[in-house]
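Visitor: My questions will all concern the structure given below.
The values are calculated or read from the model by the stated rules, or taken from the named source; none is laboratory data. Please read these numbers as outputs of a predicted model, since none were measured by experiment. Heads up, the Cβs are rebuilt from the backbone with ideal geometry, glycines too, and the neighbour counts pull from every protein chain shown.
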Amino acid sequence: MRILKRTNVPALLFPIVLGAAIVLSGAACKTNEPAGTPAPGKPGVQAEAINLTTVSEVLGKATAENSGVFDLTKGDTEYWLDYHFYTPEAKDIDDDIGMDLAPKIQALYKKYKTLDRIQFIIIVFHTGSSVEWTPYCSFVMTRKVINETDWAKLLAPNFFQAVLELKYVE
């Protein structure tokens, strides 16, 4: 039977090697993304679940008497979102839409880190109107606009100045 001779390693060498291995392995695992941020295109990372149900949790679900998301469709480069806006009066609709949607849109982009471009189609219901729901306008919102807008200073009358490709239905 052969007995292996034990190697004499200085007592300080082991902790140094172990410490270096820990530091190097930690540096290799670091990313610039915050914890929990999805990494699109990387294997093993799940994409965010952006669908009618999850978006309705943020923007609200449209009902006969409540504003909210009515439909959501994913295209190649953007989402199309039909938003039903319920208002008791036909005056100051732009201001009312701004007050309703500005905080909801901020929350939507905060929740979905990979979300970029959304085409909003606003359909309005006026109580007392002969037509129930009528198309009002459409606009585009992007992550770049979200990041560049000073939301604390944005007032309701200025909401539509912050969006892209605003078109009113005539």
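Visitor: Return the residues of segment 150-169 that are more than 16 Å from Asp100 (Cα to Cα) and either at pLDDT below 85 or in contact with a Gly (Cβ under 8 Å, 6 or more places away or on another chain) (or both); say none if nothing qualifies.
Guide: Within segment 150-169, just Asp150 meets the criteria.
Visitor: Just for segment 104-117: of the residues that are without any contact (Cβ under 8 Å) to a residue 40 or more places away in the chain and in a helix (DSSP H, G or I), which one is nearest to the chain's Cα centre (by Cα)?
Guide: Result: Tyr109.
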